[in-house]
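Right, one structure below, let's go through it.
The values are calculated or read from the model by the stated rules, or taken from the named source; none is laboratory data. These figures come from a predicted structure and were not determined experimentally. FYI the Cβ positions are ideal-geometry reconstructions off the backbone, even for glycines, and counts take in every protein chain you see.
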Amino acid sequence: MNDHYDVLIIGGGPGGAMAGKAVAEAGLSCCIIEKRPAIGTPVRCAEGVGQEIYDFIDLDPKWVSARIQSAELVAPNGQVIELSSEMAGNEVGYVLDRKMFDRELIWRAANAGSDVYVKTRAVDAIVEDGAVKGARVEYAGEIRNISAKIVIAADGVESKFARWCGIDTTVPMNELETCVQYLMTDIDIDSSVNVFYLGNEMAPEGYVWIFPKGERTANVGIGISGKKCKDGSRPKDYLDRFVQEKFPKGKIIELIVGGVSACRPLRSTVANGLMIVGDAARVSDPLTGGGIINAMYTGKLAGEVAAECIKEGNLTAAVLKKYDTIWRESAMGKGIERNYQIKEIMIRLSDQKMDSILSSVQKMDLEVIGTKEIVRELIKYNPWLLKEMSNLKKILG
Amino acid sequence: MLSIRREICGYCGACVSVCPEGALELIDAYLTVDADRCRDCGICARVCPLGALEVADERSL
């Protein structure tokens, strides 16, 4: 490990790996540090992604667990609504094997020339004259100072680096989805369908998911709002009840826990010498909880902008802000804001209203499955939505 | 005073993200609390997916 790099990246998940690859490809020196002893584990993820994955990487069976052709929404009253693409047999998304996927991304960063160190943890930020200048890291039991022109914080939902730089990254309790997932096997599922269960009894301000991982195997999980979580009604309690009823004979071969932010992204994702990406920037989708693609997008973009700014020799927040502006104006940034508004509406719906809305979905003729299209169709059949929720008009633009 | 039940904790970091004081930290496979920073607000104990955290006195919630 060198004492100095052009860019130091905190965290070796998809955001950090994409950033590292972009920096190294621009010909600059780069180091990714990961506090865990292995890239890709433990998994903290339901592993679902949409077609946007193709913007970053070609599919490889090594890290694709299942190809998804349709989704089913199960309404609070039990009614099942199927959403599939117009063309039968088309894939609408994938369930990944994150253990392999994360390694593939890190390998690509390393192959491009980035250093990678595992079991290496940032313990503090080095800040001089109001600018981030590197990190103090613990490496093999020894504390070292690593200086860098730019530090990219890709340290996930439990991010501390940006906080050490003076940025408040606290997720409000009511906007933290608290999640438990079992990797289950020997269960009866359709391995090409993602299933979502909605309703306040099932998962208050969240949902239960079944994401196939192959034949008779799936991620079966739940996320609920932190404010609905307390002793006796924690996500594990809800999930155990669900599994007992639905898959009483299934075997649980992995316990996965985690938190997903459903708040708006950080007010600013840059400071002097610092850029924040992925879950650490709170750019996971507030409606679906999806974070992989958003982390990859922001990570790659941050790496590209960092390299540009270093070559130009200006590392101030005002210049790095380009990264912040680009992602906010991107389809991803706009999607986050729209889905935040939709989430705010969804969490206030009674089960009865949810049933009524979902029953109209069956009349839908979807050409594209996207949140915006679904909401527009929903309003057509449930005009009262507009009256009650004045924000919707704004969202649909 | 926050107590961490290590036999229950899944070291996921959900608690770290909601701590307003930055008192919690996930170090690889174990969670630590900085007793000087922790104000016993109990927010972390509320959101824990497994119920691994306990505050002896939750008056401030």
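Table for the structure above
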{"read-out": "Number of positions in the stretch A:112-145 that are over 25 Å from the mean Cα position of the chain (by Cα), over 24 Å from A:LYS321 (Cα atoms) and not acidic (Asp, Glu)", "value": "9"}
{"read-out": "Residue within the stretch A:8-30 that is assigned to a loop (DSSP other than H, G, I, E, B), among the acidic types (Asp, Glu) and either at pLDDT 95 or above or out of contact with any Gly (no Cβ under 6 Å at 6 or more places or on another chain) (or both) present", "value": "no"}
{"read-out": "Whichever residue in the stretch B:1-46 is more than 24 Å from A:CYS165 (Cβ to Cβ) and surrounded by fewer than 16 Cβ atoms within 10 Å (Cβ to Cβ) and, among such residues, is nearest to the other protein chains (Cβ to nearest Cβ)", "value": "B:ALA29"}
{"read-out": "Any hit, the stretch A:175-188, residues being polar (S, T, N, Q) and either assigned by TED's automatic domain parsing to the domain that holds A:ASN294 or touching a Gly at 6+ places or on another chain (Cβ under 6 Å) (or both)", "value": "yes"}
{"read-out": "Residue within the stretch A:195-217 that is of a type in the set (S, T, N, Q) and closer than 30 Å to A:VAL151 by Cβ present", "value": "no"}
{"read-out": "Enumeration of residues in the stretch A:279-297 that are closer than 18 Å to A:LEU96 by Cβ and either of a type in the set (Val, Ile, Thr) or part of a helix (DSSP H, G or I) (or both)", "value": "A:ASP279, A:THR288, A:ILE292, A:ILE293, A:ASN294, A:ALA295, A:MET296, A:TYR297"}
{"read-out": "Single residue of the stretch A:158-205 satisfying the filter (within 14 Å of chain B (Cβ to nearest Cβ) and of a type in the set (Ser, Thr, Tyr)) that is surrounded by the fewest Cβ atoms within 10 Å (Cβ to Cβ)", "value": "A:THR170"}
{"read-out": "Residue satisfying all of: in the stretch B:47-61; in contact with a helix residue (DSSP H, G or I) (Cβ under 7 Å, 6 or more places away or on another chain) and in contact (Cβ under 8 Å) with a residue 40 or more places away in the chain; surrounded by the fewest Cβ atoms within 10 Å (Cβ to Cβ) among these", "value": "B:GLU54"}
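Residues are listed down the side, and each one gets a yes or a no for (1) modelled with pLDDT under 95; (2) touching a strand residue (DSSP E or B) at 6+ places or on another chain (Cβ under 9 Å); (3) basic (Lys, Arg); (4) farther than 19 Å from A:ILE32 by Cα:
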position	(1), (2), (3), (4)
A:VAL260	no, yes, no, yes
A:ARG267	no, no, yes, yes
A:GLY291	no, yes, no, yes
A:TYR297	no, no, no, no
A:THR316	no, yes, no, yes
